[in-house]
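Written below as structure tokens is the structure these notes are about.
The values are calculated or read from the model by the stated rules, or taken from the named source; none is laboratory data. As the structure is a computational prediction, the values presented were derived from the model and not from experiment. As a convention, Cβ positions derive from the backbone with ideal geometry for all residues, glycine included, and neighbour counts pool all protein chains shown.
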């Protein structure tokens, strides 16, 4: 067994394929499917999306300086794919996919009500990279579907059945393998014979400092 050498290319998979909603004042809202999206900062909360300049949504986001990232469930996968291969110049995507506009307190741009998590973003900078331009944005608010709140008041993201995109294909997320920090929290035997953990509890703030 060995390795094959390939020319440079994007093989960072899987990634979240998200539905990004945007809207110019007085015009219909649009949805663009984006696979090049990700978290770039925790404090302040920031993310980025990369969009081709020829896409219909590019000018909308460039002008309004805002957009909403809507996470995609397995039930929304067909709509996500359709919105990625059809142009807002020719279709009203909310209407065609029977999706509902959700108006929040954060901005005029609507979110997708059927999405379990909506992330409202204000553009801070546009990086012209090449085939895609990157919109660097600050998260100004989040709305979540309250039907996924558990009895302890926590949002159960796993229950939303999110999907992922990998090399041109869509996949449902699989089984849970662990949780953050589990590798250093296994029980070990100390000199006293008592079981103790190699890593203690840490706050979210302290974990961020270690990264």
- Within segment 103-120, identify whether any single residue is over 28 Å from residue 159 (Cα atoms) and free of Cβ contacts under 8 Å to residues at least 60 places away in the same chain, and answer yes or no. no
- Note on the structure: segment 40-158: strands (runs of 3 or more DSSP E) wholly inside it with 2 or more residues that are surrounded by fewer than 19 Cβ atoms within 10 Å (Cβ to Cβ) are 46-51, 117-128, 133-144
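With respect to residue 199, is the statement that it is more than 24 Å from residue 143 (Cα to Cα) and modelled with pLDDT of 85 or more true?
When the stated conditions are applied, residue 199 does not pass them.
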- Query: In the set 75, 90, 81, which member is more than 17 Å from the chain's Cα centre (by Cα) and more than 13 Å from residue 20 (Cβ to Cβ)?
  - Reply: 90
- Message: For segment 178-189, check the following and say yes or no: at least one residue is under 18 Å from residue 15 (Cβ atoms) and surrounded by 13 or more Cβ atoms within 10 Å (Cβ to Cβ).
- Response: no
- Here is a list of conditions, (1) more than 27 Å from residue 161 (Cβ to Cβ); (2) in contact (Cβ under 8 Å) with a residue 60 or more places away in the chain; (3) touching a helix residue (DSSP H, G or I) at 6+ places or on another chain (Cβ under 7 Å), and residue 87 meets all of them except one; can you say which number that is? (2)
